[in-house]
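Undergrad: Sending over a structure as structure tokens; questions will come in a sec.
Derivation of every value follows stated rules applied to the coordinates shown; laboratory data play no part. What you are looking at is a predicted structure, and each value in this text was computed from that prediction instead of being measured. All Cβ positions, glycine included, derive from the backbone under ideal geometry; neighbour counts span all protein chains shown.
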Amino acid sequence: MRDSTKPLLRALTGEAVWPPPIWLMRQAGRYLPEYRAIRAGVADFIALCTTPELAAEVTLQPIRRYGFDAAILFSDILILPWALGHGLAFKEGEGPVLPKLRDAAGLAALDPNRVAAAVAPVMETVRRVRAGLASEGFGQTALIGFAGAPFTVACYMVEGGGSRDFAATRAMAYADPALFAGLMDMLTESTIEYLSAQAEAGAEALMLFDSWAGVLSPSLFRRHVIAPATRIVAALRQRHPGIPVIGFPRLGGLMVGAYGATGVNAIAMDTSMDLAQAAALVPDGVAVQGNLDPMALVAGGAALTGEAEAILRAMRGRPFIFNLGHGIVPQTTPAHVGALVEQVRAA
């Protein structure tokens, strides 16, 4: 059950909490020396994500340092294709590497029946973090679970990894719509089950990361970003009426207004968005999350203070969650994060 006193959850109900709640994407990660110490002792990234004791510890590390208003499950948006039986490896200097799914045989090889067992360690991590927040005195910190949105996950599966423009994925969506729709349907249903399991394990809010939504034309954006998100939110709301959902249609531009029809409780904005203009596109009662440039956090000092102040000034008086417009980068100085938290708290 949601705790209505937690600042993040209050903002997600449409309350203009001030100072606004703050958490940062990738807040648990390589910029923290305590994270690097744990990562050095683990064979690979997937092992870290699926070892509950370690994943829970990493999730809690930034909460202990900064007292953020949310902890976000330490995992990866590609855990779901891995759980479906699709190959996945993280190679140093390359990022994720997957088999290229380009035909019906590749789709048929995916097995939704193996997902629950594969992600069981992730659910144990959720339970451990929820218990850890309570036992360590962070009673006002909410726990966010998350998944990669179907389109973004499909991008990595079709391309076999990252890409500048995900041209093969877009080409498949146009040239073989039946195959692409089959992949999207499987990912959408699996995402519903995955996020629902996180809610049952103790997540108090859920986030859907559509990191590559902005590569699509408006028509494909509606079909492959808005439609599956709408389906996911509706299913989650039916199963877990009290669990709010944050959507992140990164690089979606003016389409963020249409994304509001998905039923999400908040829309996260990427760094490129003018928050005041974006807020005008978002339906009443839907919170805005964002959108400090991670490079301003790297720079620190007057640059960081000025950028953060402009965001706070633009968002005062409306439901808002302070965050970055993308994830923290490894070269970030931890002291700069502390300074940002102090500035937001003093707003």
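Undergrad: Could you state the principal axis extents of the C-alpha atoms in the range 112-177, from the largest down, to the nearest angstrom?
TA: The Cα atoms of the range 112-177 stretch 53, 28, 18 Å along their principal axes.
Undergrad: While we're on this one: Counting only other residues whose beta carbon sits under 11 Å from that of ASP293, what net charge do I get with K and R as +1, D and E as -1?
TA: -2
Undergrad: Let me ask something else about it. In the calculated pair distance distribution of the chain, what percentage of Cα-Cα distances lie above 39 Å?
TA: Details: 4571 of 60031 pairs.
Counting pairs separated by more than 39 Å, the tail of P(r) holds 8 percent.
Undergrad: Also, I was wondering about something else. Could you list MET255, MET157 in order of exposure, starting from the residue whose Cβ has the fewest other Cβ atoms within 10 Å?
TA: Starting with the residue having the fewest Cβ neighbours, the order is MET255, MET157.
Undergrad: Let me ask something additional. Would you compute, from DSSP H runs of 4+ residues alone, the mean residue ellipticity of the chain at 222 nm, taking -39500 (n - 2.57) per run and dividing by the full residue count, rounded to the nearest 500?
TA: Values: 18 runs with 168 residues, N = 347.
Counting only the DSSP helices, I get -14000 deg cm²/dmol.
Undergrad: Starting from the coordinates of the alpha-carbon atoms of the range 1-108, obtain the Kirkwood hydrodynamic radius over all distinct pairs and give the value in Å to one decimal.
TA: When all Cα pairs of the range 1-108 are included, the Kirkwood radius is 16.4 Å.
Undergrad: Take the eigenvalues of the Cα gyration tensor for the range 216-347, scale each by 5, and report the square roots as semi-axes in whole Å, largest first.
TA: 28, 16, 14
Undergrad: So, one more: Hey, fewest Cβ within 10 Å first, where do TRP82, TRP23 land in order?
TA: Exposure proxy ranking, most exposed first: TRP82, TRP23.
Undergrad: Right, here's the next one. If I histogram all Cα-Cα distances within the range 141-180 using bins 5 Å wide from 0, what percent of pairs lands in each bin?
TA: 5, 22, 27, 19, 9, 7, 6, 4, 2, 0
Undergrad: Can you list the residues, at least 5 places off or on another chain, whose amide H is less than 5 Å from the amide H of ASP293, using H built in the peptide plane?
TA: Result for ASP293 returns GLY325.
Undergrad: Tell me, what HN-Hα J-couplings in whole Hz come from the Karplus equation 6.51 cos²θ - 1.76 cosθ + 1.60 at θ = phi - 60° for each residue of the range 329-344, using x for Gly and Pro?
TA: With the stated coefficients, the range 329-344 comes to 9, x, 7, 5, 7, x, 5, 5, 5, x, 5, 5, 4, 4, 5, 5 Hz.
Undergrad: Another question about this same structure. How many nm is it between the label spots at ALA227 and ALA37, if each spot is 7 Å from the Cα in line with the beta carbon?
TA: That separation, rounded to one decimal, is 5.0 nm.
Undergrad: For the range 59-163, evaluate the Debye formula with one uniform point scatterer on each Cα (no solvent term) and list log10 I(q)/I(0) at q = 0.14, 0.20 Å⁻¹, rounded to two decimals.
TA: Log-scaled intensity ratios, in q order: -0.66, -1.01.
Undergrad: Among PRO177, ALA302, TYR156, flag the residue with its Cα farthest along the positive direction of the charge dipole of the chain, charges on Cβ as +1 for Lys/Arg and -1 for Asp/Glu.
TA: Positive-end residue among those listed: ALA302.
Undergrad: Treating only the Cβ atoms of Lys and Arg (+1) and Asp and Glu (-1) as charged, compute the dipole magnitude of the chain about its Cα centre; round to the nearest 20 debye.
TA: Here the chain has a charge dipole of around 320 debye.
Undergrad: For ARG64 and ALA346, calculate 0.36 nm times their separation in residues minus their Cα-Cα distance, and state this gained length in nm to one decimal.
TA: Gain in length upon complete extension: 99.6 nm.
Undergrad: Could I ask something else about it? At a Förster radius of 22 Å, what calculated FRET efficiency corresponds to the Cβ-Cβ distance of ARG102 and SER219, to the nearest 0.05?
TA: On the way: r = 23 Å, r/R0 = 1.03.
That gives a FRET efficiency of 0.45.
Undergrad: Can you give me the distance in nm between label points at GLN277 and GLU53, each placed 7 Å from the Cα along the Cα-to-Cβ direction?
TA: A separation of 5.2 nm, rounded to one decimal place.
Undergrad: Convex hull over the Cα atoms of the range 129-210, averaged projected area in nm²?
TA: With the hull built on Cα positions only, its mean projection is 6.4 nm².
Undergrad: Then there is this: What's the exposure ranking of MET186, MET315, going from fewest to most Cβ atoms within 10 Å? Walk me through the intermediate numbers first.
TA: Details: MET186 17, MET315 24.
Sorted ascending by nearby Cβ count, the order is MET186, MET315.
Undergrad: Nearest 0.05, what FRET efficiency do SER4 and ALA299 give at R0 = 30 Å with Cβ-Cβ as r?
TA: Given R0 = 30 Å and the Cβ-Cβ separation, E is 0.20.
Undergrad: Looking only at VAL225, VAL97, VAL153, which one moves most when the chain is put into a Gaussian network model with springs between Cα atoms under 10 Å?
TA: Top of the fluctuation ranking is VAL97.
Undergrad: Counting DSSP beta bridges with both partners in the range 7-345, what percentage is antiparallel, nearest 5?
TA: Antiparallel bridges: around 15 percent, rounded to the nearest 5.
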